[in-house]
Structures are given as C-alpha cells and as structure tokens.
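These notes are about the structure you will find just below.
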Amino acid sequence: MPKHLFDELPTDMIYYEIFPFLDYISRVNANLLLPKEDRIRTPLNKDALLEFTIIFQSTHIATMAKKAAITRNRTTRSRLILKIWRLLPMFPELIQYSEKVRDNLSLKALEFSTATSSDVSAYTLKTLKKLCANFLHDLETKYPYLREFNYQKGDWTAVTQ
C-alpha cells in the first residue's frame, strides 16, 4: 500500500506535468514527498553568500553617496559623509574582493585625511581626517586584498544554473 499519492504517479509526470504549476514552497514540499533517489537537487552557488554580501554593501554605500551628492544642506551632507566612512570598516568584503573599489576608496581616504577645506565644520573635518586615517591603517593591517570577485548584476539567485 502506497504512503501517498506521489508513490503511484510516474516521476516524469510529476516533474513535467505538476511541478511547473507549483510555487516555490509547494515545489519544495512536493519534492520532499518523493523518495530520496527521485528528488530534484539544485546545488547552491558556492559564492552565493559572498555575492549577496557585496551586492548589499555596495548598494547601501552607493545610496548614501548619492544622497550626499544631491543634498543641499551642508550639515546633512557632512553627516552622510561621516556615516559612510564609519560604515566602511563594517563592510570588509567590499574592499577585500574588489581592487577597483579598494583603490578608489584609498585615494579618497588619502584625499580626505589631508583635506584643509573650509566647506565643512571644524568638527566634521577633524572627525573625517581621523576616520580616513584609521581606514587607511585598517586597509593595510586588517583588510588585505584577497582576490577579485566578479558578480552578475541583475537578477540575483543563490542557486547554480
């Protein structure tokens, strides 16, 4: 006596006639009802977590940089710039897996750490210099360049295709 209805149906019929009409959760549940040897296995991409992390971090920093570029209020712009430089050490993957980002950020940090602009307040300038100097130090000591990681822009998925 079969345990459930799927035991009576041919596997091809389940794969090609039933699965296309199910949503993701229903497909996973239906797949679990099949015997282990008949289950469809979709391997995860080995760098899926790293790719997601880099996409998340770059989007977050880019959004804040765009806001800082278009704001007209000097205080708001200063706060956003300081927030960006405070967040960057919390996003090590962004600077360890992209040489281009790493070089651009180090040049910008060097520029800000030696800035003498009167466009911002004295507190902002002092804090920005300290943050950028610490960032440059951390870049050399804590966050070495590991390797170049290229990810696909567009629809992100964690499974291999």
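The values are calculated or read from the model by the stated rules, or taken from the named source; none is laboratory data. Since we're looking at a predicted model, the values are computed, not measured. With ideal geometry, Cβ positions are generated from the backbone for all residues, glycine too; neighbour counts draw on all protein chains shown.
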Legend entry - Condition check for Ser58: of a type in the set (Ser, Thr, Tyr), modelled with pLDDT of 80 or more and under 25 Å from the mean Cα position of the chain (by Cα): yes
Legend entry - Among the candidates Arg79, Arg86, residue that is of a type in the set (Lys, Arg), surrounded by 14 or more Cβ atoms within 10 Å (Cβ to Cβ), at pLDDT 90 or above and on the phi < 0 side of the Ramachandran plot: Arg79
Inset, instruction - Could you run through the stretch 118-131 and say how many residues are part of a loop (DSSP other than H, G, I, E, B) and either under 33 Å from the mean Cα position of the chain (by Cα) or surrounded by 12 or more Cβ atoms within 10 Å (Cβ to Cβ) (or both)? - result: 3
Inset, instruction - Search the stretch 25-55 for residues being at pLDDT 80 or above and among the hydroxyl-bearing types (Ser, Thr, Tyr), and hand back the single one that is farthest from Glu148 (Cα to Cα). - result: Ser26
Legend entry - Filter result for Ala65 (over 24 Å from Phe52 (Cα atoms) and either of a type in the set (Gly, Ala, Ser) or part of a helix (DSSP H, G or I) (or both)): no
Inset, instruction - With respect to Glu148, determine if the residue is outside any loop (DSSP other than H, G, I, E, B) and either modelled with pLDDT under 90 or touching a Lys or Arg at 6+ places or on another chain (Cβ under 8 Å) (or both). - result: no
Inset, instruction - Scan the stretch 67-74 and give yes if some residue there is free of Cβ contacts under 8 Å to residues at least 60 places away in the same chain, touching a Phe, Trp or Tyr at 6+ places or on another chain (Cβ under 9 Å) and either surrounded by 13 or more Cβ atoms within 10 Å (Cβ to Cβ) or not small (Gly, Ala, Ser) (or both), otherwise no. - result: no
Legend entry - Condition met for Leu94 (buried (at least 16 other Cβ atoms within 10 Å of the Cβ) and over 15 Å from Cys132 (Cβ atoms)): yes
Inset, instruction - Would you tally the residues in the stretch 98-107 being touching a residue at least 24 places away in the same chain (Cβ under 8 Å) and surrounded by fewer than 16 Cβ atoms within 10 Å (Cβ to Cβ)? - result: 1
